[in-house]
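To start, the structure under review is shown below, and the notes come after it.
The values are calculated or read from the model by the stated rules, or taken from the named source; none is laboratory data. The structure presented is a predicted model; accordingly, all values stated were derived computationally and were not measured. Heads up, the Cβs are rebuilt from the backbone with ideal geometry, glycines too, and the neighbour counts pull from every protein chain shown. The accessibility values were calculated without ligands, DNA or RNA, using every heavy atom of the protein model including side chains. Shrake-Rupley method; radii C 1.70, N 1.55, O 1.52, S 1.80 Å.
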Amino acid sequence: MASGGAECARLQANGAGTELEAEAVYAQEESESSSRRWGAQHVGARELAELYSPGKRLQEWISVILCFCLISFNFYNLLSYLSLDHTLSVIVGIFAGVITADFLSGLVHWGADTWGSVELPIVGKAFIRPFREHHIDPTAITRHDFIETNGDNCMMTLLPLANMAYKFVSLSPEALYQTCPWECYVFALAIFVTLTNQIHKWSHTYFGLPCWVIFLQDWHVILPRKHHRIHHVSPHETYFCITTGWLNYPLEKIGFWRCLENIIQGVTGQKPRADDMKWAQKVK
């Protein structure tokens, strides 16, 4: 599997042909790894799936319900304060919100993939576990329902959405009119963060996707399927942004994630992706 890491680095440097070549490498690794029973039958994947608890399910249900209630309330109020005078600033705000969401998706994805352990109190089983499961059973996410897929992302957006709702009921109409472009940025950011794992799920789904989803993937409005395969070339050390994937290439070219890893390893002595590899190599 070490050769996969070297090949991945070569593909990142090539630019234009990266996605098609990464698909070939990904398929080769799948073949080479068959003896380890990757996928749902992998020992580590089965253990990780069994850690999904009723308490976790309840948290996801509550998060999804609250999130979509707040989204509906805030969207209705945003429409009330939009004006033609805001057109350019709103467009810029929405674009900035999407870019920010893509970066944050990469930051969270990189952090959970690279550091921490399933054994950590609270966050281990609740939030790091799905990342470990995903690398040894990438299609597990396609078997998750809407609640399991989106519950954690909905929880992450509750605070900014609740703060926005509070402003709509407490500030004067004049103040809300002035801050409308900023609130459009926050709303776009919240929407794309909320949808990130759903978009991620679509990038692993090769059958039955709606035509409009395939259209958005083909035009790289959201994360394309072939683009995301670059991340799944072992050792999963690049292309972490999974909302649109727009930032993956520039961040890789400047060595952003590698630089952060070197700093953290130098300060803490912890090896990147050690826990991820432990679960991948589990055989009994």
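Please give the per residue accessible area of region 228-284, computed with a probe of 1.4 Å over protein heavy atoms only, in Å².
Numbers: 2750 Å² over 57 residues.
That works out to 48 Å² per residue.
Given Q217, V193, P250, which one lies farthest toward the positive end of the charge dipole of region 188-268, if we put +1 on the Cβ of every Lys and Arg and -1 on the Cβ of every Asp and Glu?
The Cα lying farthest towards the positive end belongs to Q217.
Starting from the Cα gyration tensor of region 88-158, take the square roots of the eigenvalues, sort them a ≥ b ≥ c, and report rounded, prolate or oblate (rounded when a/c is under 1.5, otherwise prolate if a/b is larger than b/c, else oblate).
The shape class here is prolate.
Can you list residues from other chains, or at least 5 along the same chain, whose modelled amide H is less than 5 Å from the amide H of G116?
none
Can you tell me the FRET efficiency between S117 and W61 if r is taken as the Cβ-Cβ distance and R0 is 35 Å, rounded to the nearest 0.05?
Numbers: r = 27 Å, r/R0 = 0.76.
Given R0 = 35 Å and the Cβ-Cβ separation, E is 0.85.
Which ³J(HN,Hα) values, rounded to whole Hz and listed in residue order, are derived for region 61-73 from phi using the Karplus coefficients 6.51, -1.76 and 1.60 in 6.51 cos²θ - 1.76 cosθ + 1.60 with θ = phi - 60°, glycine and proline given as x?
For region 61-73, the Karplus curve yields 4, 4, 4, 5, 4, 4, 4, 6, 5, 5, 4, 5, 4 Hz.
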